[in-house]
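Student: Take this structure first; my questions come after.
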Amino acid sequence: MQAKDNSFEQSHGDLFRSSLEQIVDRSHPLYALANKIDWRRFDHSFGALFAQKKGRPALPTRLVVGLHYLKHAYNESDESVVARLLENPYWQYFCGFKHFQHTLPIDPSSMTRWRKRLGPDKLEELLTVTIHTAKAEKLLTERHLERVNVDTTVQEKAIAFPTDARLYHKARRVLVRLAKKMHIDLRQNYERTGKKVFLKQGRYASAGQYNRSKKETKKLKTMLGCVIRDIERKCSNPEGRLVKVLNIARAIFHQKRNDKNKVYSVHAPEVECIAKGKVHKKYEFGCKVSMVSSSKDNWILAIDALHGNPFDGHTLKDALQQAKEHTGWQPLHAYCDKGYRGVAKEITDTEVHLSGKKKKSMKASLWKWFSRRSAIEPIFGHLKSDHRLERNHLQGQDGDRMNAILSGCGFNLRKLLRAFFLLFSQGLFWRYFNHPAGFIGLSMSEDHFKMIPAHAL
């Protein structure tokens, strides 16, 4: 009898299943936010990239966009955000499902391919939508957009600390692996001896025996040179990935201590060494990230990863232009630190204010906004600790830009969730003081958000 019921349910699909709207609490902030975001805008922006008459149908745009929002809002990876989707009905409703799903709706690798197809320029649409949602709910107004804070930070890459010994050892291992895959018979690959020398070098360095450590480092460099020359002799016209790795290995082999544009990683050659003057971390290996935030309420208006370690002042014009494109409003005042000296005359549409002035030399109102400039520093802290900006795992320069943009999306999304939670709390207390029984018998309706104006915050 039970088997008959199961077959009947399978034949009729979701006809007798409860919808997610009947399961979830409609007062939940994630439910409210899911109904406020303009999801059709993503179909209009990204639909042309996935409109294919042949092959497997593309994944729903809302599903992939929602997963990226949740990933960076809750500090998850591609694998963990897909796994948690099965456990959370609110996440499923946010991603556009009508009924609760018991199987994985998407493979984590599909998120990687989706990002690569869109690229960082298209992904900026996700940040724009969060800003427009805040504007639609009157959480962000043109008055808030008049004054902005601008600053830069470093987004580190997911690489090991680049010592000379580690670079020699890693480059040789990658070359040996590629040569084996391409059936190139090397005279010697130094697998056993190279590993022993690398371990010995680390022990000598940790014990403070630097002369012995330098000798072992020199041996590792010699092994790398032998493998490079052996491959060049036996493969006169290398192709594909072998050419790229050979060029990286040659650069590692020939680079000196004080050279510019050094290679700090084999799998991520775009990594740069940046010194921001931090006491606890003298050098950081990654790329520079420029960000524009509103002076009031700290909304992220623009964020982008920059390569080449540019001077902070040279990034100001592009950052303000990006903020204008996302918000539709030109900032009138920009508050920056001393790293932006010398560019105030080049910016005509926005008045640039630099820190470092004495309090006596300016008005009280201007000093108030100067004091707000330091509010951008906690935003960097939250982006790194809570929204995956601290250590980037995405590949290449495009991966650096995409991770920075998505981190900003996650930050704005959490601000929207907090705003809806505050609206819910205000509505709850408003109803409590107007209900004769107080919280006893207080029922939550789906229209409780309509009882309070959106600008109550």
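None of the figures in this text is laboratory data; all of them are computed from the coordinates on show. Treat the numbers as computed from the prediction; the structure is a model and nothing was measured. Methodologically, a virtual Cβ is constructed for each residue, glycine included, from the backbone with ideal geometry; neighbour enumeration extends over all protein chains shown.
Student: What is the stretch 164-267's relative contact order, in percent, from Cα pairs under 8 angstrom and six or more apart in sequence?
Tutor: 39
Student: Right, another one. Highest first, please rank the peptides 313-321, 280-288 by the mean number of other Cβ atoms sitting within 10 Å of their residues.
Tutor: Highest to lowest by the protection proxy: 313-321, 280-288.
Student: Compute the signed sum of charges (Lys and Arg +1, Asp and Glu -1) over the other residues within less than 15 Å, Cβ to Cβ, of Gly240.
Tutor: Working: positive: Arg177, Lys180, Lys181, Arg241, Lys244; negative: Glu239.
That works out to +4.
Student: Next up: Take every Cα pair under 8 Å in the stretch 207-342 that's 6+ residues apart, average their separations, divide by the length, and report that relative contact order as a whole percent.
Tutor: Relative contact order, the stretch 207-342: 12 percent.
Student: Using 0.36 nm times the number of residues separating Thr193 and Ala375, minus their current alpha carbon distance, what extension gain do you get?
Tutor: Roughly 60.2 nm would be gained on extension.
Student: For an R0 of 25 angstrom, estimate the FRET efficiency from the Cβ-Cβ distance between Glu346 and Lys282 and round to the nearest 0.05.
Tutor: 0.20
Student: As an exercise, use a Förster radius of 45 Å and the Cβ-Cβ distance of Ser80 and Met362 to find the FRET efficiency, rounded to the nearest 0.05.
Tutor: E(calc), rounded to 0.05, equals 0.40.
Student: If the only charges are +1 at each Lys and Arg Cβ and -1 at each Asp and Glu Cβ, what is the size of the charge dipole of the stretch 196-243 around the Cα centre, to the nearest 20 debye?
Tutor: Working: 13 positive and 4 negative charges, 70 e Å.
Dipole size: approximately 340 debye.
Student: Which whole-Hz ³J(HN,Hα) couplings does the stretch 193-206 yield from phi under the Karplus relation 6.51 cos²θ - 1.76 cosθ + 1.60, θ = phi - 60°, glycine and proline marked x?
Tutor: Ordered by residue, 3J(HN,Hα) equals 5, x, 5, 5, 5, 5, 5, 5, 4, x, 5, 5, 5, 5 Hz.
Student: Convert each backbone phi in the stretch 273-287 into a coupling constant with the Karplus relation 6.51 cos²θ - 1.76 cosθ + 1.60 (shift: θ = phi - 60°), then list the ³J(HN,Hα) values in order as whole Hz, x for Gly and Pro.
Tutor: With the stated coefficients, the stretch 273-287 comes to 8, 10, 10, 9, x, 7, 6, 7, 8, 5, 10, 10, 10, x, 9 Hz.
Student: Relative contact order of the chain: what whole-number percent is it, with Cα pairs under 8 angstrom and at least 6 residues apart?
Tutor: Numbers: 591 pairs, mean separation 98.4, N = 457.
It comes to 22 percent, rounded to a whole number.
Student: Using only Cα atoms, locate the centre of the stretch 173-189 and the centre of the stretch 322-399, then give the distance between them in Å, rounded to an integer.
Tutor: 50
Student: Using the per-residue mean of other Cβ atoms lying within 10 Å as a proxy for protection, in what order, highest first, do the peptides 117-125, 41-49, 400-408 fall?
Tutor: 400-408, 117-125, 41-49
Student: Grab the Cα-Cα distance for Arg177 and Asn261, subtract it from 0.36 nm times how many residues apart they are, and report the gain in nm with one decimal. Present the calculation step by step, with values, prior to reporting the outcome.
Tutor: Numbers: separation 84, 0.36 × 84 = 30.24 nm, distance 2.62 nm.
Here the answer is 27.6 nm.
Student: With +1 assigned to the C-beta of every Lys and Arg and -1 to the C-beta of every Asp and Glu, and no other charges, what is the dipole magnitude of the stretch 164-267 about the Cα centre in debye, to the nearest 20?
Tutor: I would put it at about 360 debye.
Student: Sum -39500 (n - 2.57) across every DSSP H segment of at least 4 residues in the chain, then divide by the residue count to get the 222 nm mean residue ellipticity, nearest 500.
Tutor: The per-residue figure over the chain is -16500 deg cm²/dmol.
Student: Looking at this model, which pairs from Lys116/Lys244; Lys71/Lys116; Lys360/Lys415 are more than 25 angstrom apart at the alpha-carbon?
Tutor: Among Lys116/Lys244; Lys71/Lys116; Lys360/Lys415, the Cα-Cα distance tops 25 Å for Lys360/Lys415.
Student: Could I ask something else about it? What fraction, in whole percent, of alpha-carbon pairs in the stretch 164-267 exceed 21 Å separation?
Tutor: 35
Student: How far, in nm, would the chain grow between Leu422 and His382 when pulled straight, counting 0.36 nm per residue and subtracting the alpha carbon separation?
Tutor: Extra length available between Leu422 and His382 comes to 12.4 nm.
Student: Now, a different point. About the Cα centre of the chain, how large is the charge dipole given +1 on each Lys and Arg Cβ and -1 on each Asp and Glu Cβ? Please answer in debye to the nearest 20. Walk me through the numbers on the way to the answer.
Tutor: On the way: 80 positive and 47 negative charges, 592 e Å.
The calculation lands at about 2840 debye.
Student: While we're on this one: Please arrange Ile37, Ile303 by counting, for each residue, the other beta carbons lying within 10 Å of its beta carbon, fewest first.
Tutor: Lowest to highest Cβ neighbour count: Ile37, Ile303.
Student: Can you tell which of Leu220, Asn247, Gln201 lies farthest toward the positive end of the dipole of the stretch 164-267, using +1 and -1 charges on the Cβ of basic and acidic side chains (Lys, Arg; Asp, Glu)?
Tutor: Gln201
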